[in-house]
1. Restricting segment 157-172 to residues that are touching a strand residue (DSSP E or B) at 6+ places or on another chain (Cβ under 6 Å) and not aliphatic (A, V, I, L, M), which is least open to solvent (accessible area, probe 1.4 Å)?
2. Please specify each residue of segment 255-294 satisfying the condition of being part of a helix (DSSP H, G or I), open to solvent by 30 Å² or more (accessible area, probe 1.4 Å) and not charged (D, E, K, R).
3. Within the set of pairs 6 or more residues apart or between chains, which connect a residue that is over 28 Å from Tyr247 (Cα atoms) inside segment 271-300 to a residue that is modelled with pLDDT of 95 or more and open to solvent by 40 Å² or more (accessible area, probe 1.4 Å) with Cβ atoms less than 7 Å apart?
4. Say whether the condition of being in a loop (DSSP other than H, G, I, E, B), open to solvent by 70 Å² or more (accessible area, probe 1.4 Å) and out of contact with any Cys (no Cβ under 9 Å at 6 or more places or on another chain) is met by at least one residue in segment 136-147.
5. Return yes when Leu180 is in a helix (DSSP H, G or I), closer than 16 Å to Phe142 by Cα and modelled with pLDDT of 95 or more and no when it is not.
6. Pick from segment 13-51 the residues that are over 31 Å from the mean Cα position of the chain (by Cα) and assigned to a loop (DSSP other than H, G, I, E, B): which of them is farthest from Ala341 (Cα to Cα)?
7. With Cys181, Cys221 as the choices, which residue is without any contact (Cβ under 8 Å) to a residue 24 or more places away in the chain and farther than 17 Å from Ile324 by Cβ?
8. Kindly check whether there is at least one residue in segment 197-209 that is in a helix (DSSP H, G or I) and open to solvent by 10 Å² or more (accessible area, probe 1.4 Å).
Amino acid sequence: MNNDLAPTYKRLFGLYWVLWYSTSNNYSIVESEFKSLLDFYLQSNSLDEFGSKISSVEHVSNLSTITNNLKTYLESCNASNTSSLEDSAEFNHSNCNITKYYSVNDKPITINYDTELVENTIHPALAHLEVNKNNIDAQITFDIYLDSGRLTLFKNQQLITSVAQRDYHLLQGKFIMQLLCVMHDKDESDWVGTFHGSTISDGTNSILFIGNSGKGKSTLCALLAANGYELLADDVSPMLAKDGHIYHNPSAISIKEGAFSVLQPLITAFENLPITVFNKNKGPLRYLPCDHPKKDNYPCKAIIIVNYEADAKTNVEPASIKTILETLIPDSWLSHHPLHAEQFLNWLKTVHLYQLSYSDTDTVITELSTIFNEFKSN
């Protein structure tokens with residue numbers, strides 16, 4: 001059989017195997033029974049040998065169907081799904097219509113936008129870092145503009161990425177990666193990945209909160225920040241390969257309209273935060289800036305899937321690796337480097353995996369405080 005399609009790494013997590021394919025940087029979660037069948041297939045030299053191996057374990061009614069399904073599975077796992085880059089895009093200085101100046105970790109940067117619409121893809125989350133032009137001598141300049149239906153990002157007039165306008169979130173992610181590299185003096189190749197989730201620290205360890213849009217993870221992080229915890233990163237949480245820690249992302253917490261009434265009594269001058277409307281599906285947003293954490297990075301001890309439900313009792317219970325990765329991976333960026341993929345899988349072996357339901361703000365803070373304290377005592 002074609003062993004070129006075999007997974008590069010295999011890790012067992014309880015009832016599930018996580019398989020990583022280097023050709024596509026694809027993570028696949030399968031049950032042990034399927035993993036055994038896949039091993040038989042990859043270790044066989046012929047269809048007859050494969051049929052003989054699996055018939056010794058189970059009754060085979062349709063060997064051809066099983067073989068075709070395994071072949072299709074392997075081909076799909078090895079297929080690349082990376083977005084295409086518009087390499088031909090050229091820098092156009094005439095698109096620099098709106099200029100903003102920022103100080104990020106005491107590093108001055110300039111960002112040029114062509115319109116207010118494009119400005120709203122980046123600026124609201126960084127508005128608290130804006131400074132006066134007279135106080136800045138930036139060595140790094142980003143240009144972001146819309147050209148022929150594509151959003152284009154340049155750094156010092158060098159093309160970084162160009163994406164279709166509807167895929168603006170891809171440009172946001174690429175920009176944040178560039179910003180993180182500037183503020184932490186790193187290259188993109190230094191990171192294991194940037195996780196789609198928000199990270200909170202107690203000053204010793206951190207927890208990564210993940211969940212689909214609208215499930216309450218940013219609201220929960222705002223609650224924790226208002227109760228003495230440190231916001232390490234909102235929405236994009238970067239992990240450095242050198243130490244496996246989550247690093248600080250300076251973006252403000254994006255708060256959806258449904259959480260305004262919950263947070264207004266708890267956060268001073270919350271009603272004075274400007275409202276931004278960019279994506280109709282997300283509706284009005286307020287961006288809540290938080291104090292810089294005491295340290296730029298912390299080890300991450302747990303991943304928690306957050307699910308806010310009206311009138312739900314606060315409940316934390318173990319989550320499967322399948323549930324965690326199916327939520328975490330789709331909107332995260334993970335390095336394709338084999339050493340980083342191995343580090344990511346090894347890290348997953350060490351962290352606690354939970355799922356959290358809540359509606360009451362007091363009991364959820366108490367529950368998470370208990371979890372943080374358990375990490376300190378271990």
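1. Once the filter is applied, the top-ranked residue is Ser162.
2. Gly258, Ser261, Val262, Asn272
3. none
4. Yes.
5. yes
6. Filtering segment 13-51 for residues that are over 31 Å from the mean Cα position of the chain (by Cα) and assigned to a loop (DSSP other than H, G, I, E, B), the one farthest from Ala341 (Cα to Cα) comes out as Ser46.
7. Answer to the selection: Cys181.
8. No, there is no match, as no residue in segment 197-209 is in a helix (DSSP H, G or I) and open to solvent by 10 Å² or more (accessible area, probe 1.4 Å).
The values are calculated or read from the model by the stated rules, or taken from the named source; none is laboratory data. No experiment lies behind these values; they were computed from the predicted model shown. With ideal geometry, Cβ positions are generated from the backbone for all residues, glycine too; neighbour counts draw on all protein chains shown. All accessible areas refer to the heavy atoms of the entire protein, side chains included, with ligands and DNA or RNA removed. Shrake-Rupley method; radii C 1.70, N 1.55, O 1.52, S 1.80 Å.
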